[in-house]
Amino acid sequence: MLASIKGVLLEKGKDWVIVDVNGFGLQVYTPDRNGPYKIGDDIFLHTHLAITKKGVELYGFKDREGRELFKMIIKVPNVGPKTAFLLLSGLGINGIKKALSNDDPDLIARVKGMGAKTAKRIILELKGKLMLTPKEGSEEVRKALMQLGFSAEEAERSIQKVLKELPELTSNEIVERILRGV
């Protein structure tokens, strides 16, 4: 397994970079829009080596979280590395987490190359497997809990606990569950 590479950036393309690693130029597909790197910069990427019928491709991510999310996406049935790459390029980590936490396949389907069925499958398979950002509207839940005497930290912890177990609840249902101690 090729878990990471470190070298000098030789060339940049729209969705790839070439990294010189001790005299070997490796082409790496990266959804990070090539990051803040300039040609000649030292670069470090967490990588995933994909071997498909079409060949061998190396995908690189500036952080471990991007690589792990990529690996989770390609485990979804009928979703390969190219599709996962398109999704990460189009939405980024936070966009994907937002789509999952809000159960929003339409957000995923807006990415070029994504169909509605694939988007729904991705939501179904990945929901509950990621630490998600708070559901939209959870700010009002936090404010309501703080007005009831919760500290900001207690409110956040309680919201995260409820959303982890039941992410589909409305704001009112979240408050009710927290107040009942469920």
Within the range 150-182, work out how many residues are modelled with pLDDT under 85 and of a type in the set (Ser, Thr, Tyr). 2
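State all residues of the range 6-36 that are of a type in the set (S, T, N, Q) and without any contact (Cβ under 8 Å) to a residue 24 or more places away in the chain; if no residue qualifies, say none. Full working, then the answer.
Going through the range 6-36, the residues of a type in the set (S, T, N, Q) turn out to be 22, 27, 30, 34.
Of everything in the range 6-36, those that are of a type in the set (S, T, N, Q) and without any contact (Cβ under 8 Å) to a residue 24 or more places away in the chain turn out to be 22, 34.
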Being at pLDDT 90 or above, assigned to a helix (DSSP H, G or I) and outside the structural domain of residue 164 (by TED's automatic domain parsing): is that true of residue 87 here? yes
Mind listing whichever residues of the range 34-71 are in a helix (DSSP H, G or I), loosely packed, with under 12 Cβ neighbours inside 10 Å and touching a helix residue (DSSP H, G or I) at 6+ places or on another chain (Cβ under 9 Å)? none
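Suppose we filter the range 15-32 for residues that are farther than 21 Å from residue 69 by Cβ and not in a strand (DSSP E or B); how many remain? Outline the logic, then answer.
In the first step, residues of the range 15-32 are kept if they are farther than 21 Å from residue 69 by Cβ; the result is 18-27.
Now restrict to residues that are not in a strand (DSSP E or B): 22-23.
Residues flagged as farther than 21 Å from residue 69 by Cβ and not in a strand (DSSP E or B) within the range 15-32 amount to 2.
Looking at 74, 43, 18, 51, which one is assigned by TED's automatic domain parsing to the domain that holds residue 119 and of a type in the set (Val, Ile, Thr)?
Values: 43 fails: assigned by TED's automatic domain parsing to the domain that holds residue 119; 18 fails: assigned by TED's automatic domain parsing to the domain that holds residue 119; 51 fails: assigned by TED's automatic domain parsing to the domain that holds residue 119.
Being assigned by TED's automatic domain parsing to the domain that holds residue 119 and of a type in the set (Val, Ile, Thr) holds for just one of 74, 43, 18, 51, which is 74.
The values are calculated or read from the model by the stated rules, or taken from the named source; none is laboratory data. Given the structure is predicted, the values throughout are model-derived calculations rather than measurements. When we count neighbours, we look across all protein chains shown, and the Cβ atoms used for this are built from the backbone with ideal geometry, even at glycine.
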